2 protein chains.
Amino acid sequence: MKKKAICLLSGGLDSATALYSAVRDGYRPLALTLEYGQRHAREVRSARDIAKRLGIEWQSIPIRLPWGGSALLDGGISVPLNRAVDAMSREIPATYVPARNTIFLSFAFSWAEAAGAEAVVIGANAVDYSSYPDCRPEYLETMEEVFRKATKTGAEGGRIKILAPLLRMTKAEIVKFGKELGVPFERTWSCYLGGETPCGRCDSCLLRAKGFEEAGVADPLTEAAAR
Amino acid sequence: MKKKAICLLSGGLDSATALYSAVRDGYRPLALTLEYGQRHAREVRSARDIAKRLGIEWQSIPIRLPWGGSALLDGGISVPLNRAVDAMSREIPATYVPARNTIFLSFAFSWAEAAGAEAVVIGANAVDYSSYPDCRPEYLETMEEVFRKATKTGAEGGRIKILAPLLRMTKAEIVKFGKELGVPFERTWSCYLGGETPCGRCDSCLLRAKGFEEAGVADPLTEAAAR
């Protein structure tokens, strides 16, 4: 029987590629999406489509973060537009959501323990998005320690691996890797604004475009939008 | 201006006492309840009443843990009844909820960061409930480290204190402490079964009764039920 892995799936390029990577590595993936009131709830549709296409179990959990504190949550904070990619890594952006990955991983731990999964897969990336503190390797190591100390499984000597296969890749490398794995790029969603077509101006659109360009791969999502 | 503290408030005796302790220590408490589909959702009413009585801000966040794995979640797993108190600490009980305190603390971190709070208060207790792994001191220390590594505040040198004022108290000591602080015991709720009156047979009822008895204090909740 295949080892199970809980795969955090936002519906974006990175999480979809991480999920396909887990499939390639022989895991039976259980996909987990958190609907946290994000401005771009559009990505949840992408997550559902990707899970459905793979024919895997998918759970989508709605939560509320009514205290805001992020441009992705709070209508009063603007999503930065048209920034130079070089400027993005210098500071933690307004799109940072307080403790988001810790909330995501804690739900993943809960499911992992209940289902007897051996791993949690996350599309965290410390290169292009190094400005998000909860995408750094030392953070993920601490979360593995949390699992050991917090859970029945951990208390009984069990471990969980947090797999972040994209952690040290550039966006171009992620695009190439995703292409190899057969990730349906046209079904992923990256734009923070969450309109019907990608805005092309938010950090997420700009990094995606740069990644596809440097990889020499056409992005079927923006191509479809341009038609 | 008073320092803010996010106080995890289930509505039980311990979390109510921890909240009143934070008030005594000069914090401005913001109370946080997670409705996680617990069998004893009755306790959420208690949490609301306690917060209202103190006149403090209260957020109640509904979440779902559809994977179950606990007698408090899953109708198919029974809540243990009539166990000897000595037997309770020997193993992790069926009422353990996978990763519950990690989920609770991650929401608390999110609010703490958005509100600029200095502390998170939790009624965790490592004596009577030492069998829950996510109530141990070493677990809470690791979670402080998570905050340092996961958040913008932490990346900029800020810290959060996790205050667990009841961590090393017996249940009798908690009752005495709560009495000193003026905790409205009659408004707290402990029973896992969550009926209209406490069952008197689940671990939580039995530990509560033992605590009140050893403290030489009458429990107004069970007294009212007996009338």
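Brief remarks follow.
- Test: residue in region A:26-47 that is without any contact (Cβ under 8 Å) to a residue 60 or more places away in the chain and farther than 26 Å from A:CYS205 by Cα: yes
- Pairs where the first residue, in region A:196-218, is acidic (Asp, Glu) and the second is assigned to a loop (DSSP other than H, G, I, E, B) and surrounded by fewer than 18 Cβ atoms within 10 Å (Cβ to Cβ), C-beta under 9 Å, 6+ apart: A:ASP203/A:PRO80; A:ASP203/A:ARG83; A:GLU214/A:THR170
- Residue ID - surrounded by the most Cβ atoms within 10 Å (Cβ to Cβ), chosen from residues in region A:108-118 that are touching a residue at least 40 places away in the same chain (Cβ under 8 Å) and within 7 Å of chain B (Cβ to nearest Cβ): A:PHE109
- Subset of region A:155-185 (residues that are in a helix (DSSP H, G or I), among the basic types (Lys, Arg) and under 16 Å from the mean Cα position of the chain (by Cα)): A:LYS171
- Selection status of A:GLY75, more than 8 Å from every other protein chain (Cβ to nearest Cβ), within 13 Å of A:SER204 (Cβ to Cβ) and in a loop (DSSP other than H, G, I, E, B): no
- Filter result for B:LEU105 (at the interface with chain A (Cβ under 10 Å from one of its Cβ atoms), within 14 Å of the chain's Cα centre (by Cα) and farther than 25 Å from B:LEU206 by Cβ): yes
- In this entry, A:ALA164 is excluded by the filter for residues that are of a type in the set (Gly, Ala, Ser), modelled with pLDDT under 95 and touching a helix residue (DSSP H, G or I) at 6+ places or on another chain (Cβ under 8 Å).
- For region A:119-135, a residue qualifies if it is of a type outside the set (Ser, Thr, Tyr) and surrounded by fewer than 19 Cβ atoms within 10 Å (Cβ to Cβ), and exactly one does: A:VAL127.
- Among all residues of region A:79-91, there is none that is within 18 Å of the chain's Cα centre (by Cα) and within 12 Å of chain B (Cβ to nearest Cβ).
- Which listed residue, of A:LYS161, A:LYS171, is buried (at least 18 other Cβ atoms within 10 Å of the Cβ), more than 11 Å from every other protein chain (Cβ to nearest Cβ), touching an Asp or Glu at 6+ places or on another chain (Cβ under 9 Å) and in contact (Cβ under 8 Å) with a residue 40 or more places away in the chain: A:LYS171
- Single match in B:CYS202, B:CYS191 (criterion: over 16 Å from the mean Cα position of the chain (by Cα), more than 14 Å from every other protein chain (Cβ to nearest Cβ) and buried (at least 18 other Cβ atoms within 10 Å of the Cβ)): B:CYS202
- Filtering A:SER10, A:SER21 for residues that are within 12 Å of the chain's Cα centre (by Cα) and either of a type in the set (Ser, Thr, Tyr) or within 22 Å of B:ILE61 (Cβ to Cβ) (or both) leaves a single hit, A:SER10.
- Test for B:VAL97: is it surrounded by 16 or more Cβ atoms within 10 Å (Cβ to Cβ), within 14 Å of chain A (Cβ to nearest Cβ) and modelled with pLDDT under 95: yes
- Within region B:54-71, considering residues that are surrounded by 19 or more Cβ atoms within 10 Å (Cβ to Cβ) and more than 28 Å from B:VAL23 (Cβ to Cβ), the one farthest from the other protein chains (Cβ to nearest Cβ): B:ALA71
- Helices (runs of 4 or more DSSP H) within region B:81-154 that include 3 or more residues more than 23 Å from A:ARG136 (Cβ to Cβ): B:85-88, B:100-115
- Scan of region A:136-158 for residues that are surrounded by fewer than 20 Cβ atoms within 10 Å (Cβ to Cβ), hydrophobic (A, V, I, L, M, F, W, C) and in contact with a Gly (Cβ under 6 Å, 6 or more places away or on another chain), ordered by number: none
- Residue among B:SER60, B:SER15, B:SER21 that is within 20 Å of B:CYS205 (Cα to Cα) and modelled with pLDDT of 90 or more: B:SER15
- The set of residues in region B:49-72 that are in a helix (DSSP H, G or I) and without any contact (Cβ under 8 Å) to a residue 24 or more places away in the chain contains only B:LYS52.
The values are calculated or read from the model by the stated rules, or taken from the named source; none is laboratory data. All of these numbers come straight from a predicted model, not from anything done at the bench. Heads up, the Cβs are rebuilt from the backbone with ideal geometry, glycines too, and the neighbour counts pull from every protein chain shown.
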